[in-house]
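The values are calculated or read from the model by the stated rules, or taken from the named source; none is laboratory data. Source: prediction; values computed, not measured. Here the Cβ positions follow ideal geometry from the backbone for every residue, glycine too, while neighbour counts run over all protein chains shown. Heavy atoms of the whole protein, side chains included, go into the accessibility calculation; ligands, DNA and RNA do not. Shrake-Rupley method; radii C 1.70, N 1.55, O 1.52, S 1.80 Å.
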Amino acid sequence: QRHTPHAMSQGAKTVVATIRLLVGAGQAKPAPPVGPALGQAGVNIMGFCKEFNAKTADIRDGVPVPCKLRVYNDKSFDFDIKNPQTSFYVKQACGLQVASARPGHSTLGYISMKHIYHIAQIKRKDNAHLQAMTMENVCKAIAGSCRSMGIGVVAKPEDIPEEFRA
């Protein structure tokens, strides 16, 4: 017995839109940028906000959380939450609010390889691409991100210059 494509698609939900958002943990509101992005796809905005805020309740408020939302043909949705971006962790480790406007010319802070290793462990958990890389290469990639943000990389925490210690 052969199944026609039409018969198979009747009962199955299909993804009609994928939306990527960067929202503060516990801070999803119907206001921009969340509301307009979801409204265009026909998603129940308040339903998403309540679910997102409940899922991120155990994360400190305001931490930027990447979210990948899938919208189905029946207007239902589901979403995945990932760890914050590498730049967030690097700025946290250095005690900075923003990265350098002139990387390579001005150094705003320093980070040790120990901190980079911890960030790499966290980032590796939810990224299949990073899981395929060696831990050394993940650390090198994060060190490169640090340098492009105007943050110096040192071998040990003791090597951080005195004026940059938190």
How do 129, 115 stack up against each other in accessible area, from largest to smallest, with a 1.4 angstrom probe? 129, 115
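What ranking of 163, 136, 51 comes out by heavy-atom accessible area, probe 1.4 Å, highest first?
Details: 163 145, 136 120, 51 85 Å².
In descending accessible area the options line up as 163, 136, 51.
Let a ≥ b ≥ c be the square roots of the eigenvalues of the Cα gyration tensor of the chain; is it rounded (a/c under 1.5), or, if not, prolate (a/b larger than b/c) or oblate?
Verdict is prolate for the chain.
Among DSSP beta bridges lying fully in the stretch 38-154, give the percent that are antiparallel, nearest 5.
Within the stretch 38-154, antiparallel bridges account for around 55 percent of the total.
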Stretchable slack from residue 17 to residue 60, in nm (0.36 nm times residue separation minus alpha-carbon distance): 12.6 nm
Which one, 79, 45, 96, projects farthest toward the positive side of the charge dipole computed for the stretch 33-137 from Cβ point charges (K/R +1, D/E -1)? 96
To the nearest 20 debye, what is the magnitude of the charge dipole of the chain about its Cα centre, counting +1 on the Cβ of each Lys and Arg and -1 on the Cβ of each Asp and Glu? 380 debye
Angle in degrees between helix 135-148 and the longest Cα principal axis of the chain, rounded to the nearest 10: 80 degrees
If the chain between residue 102 and residue 114 were fully stretched, how many nm would it gain, using 0.36 nm times the residue separation less the Cα-Cα distance? 1.8 nm
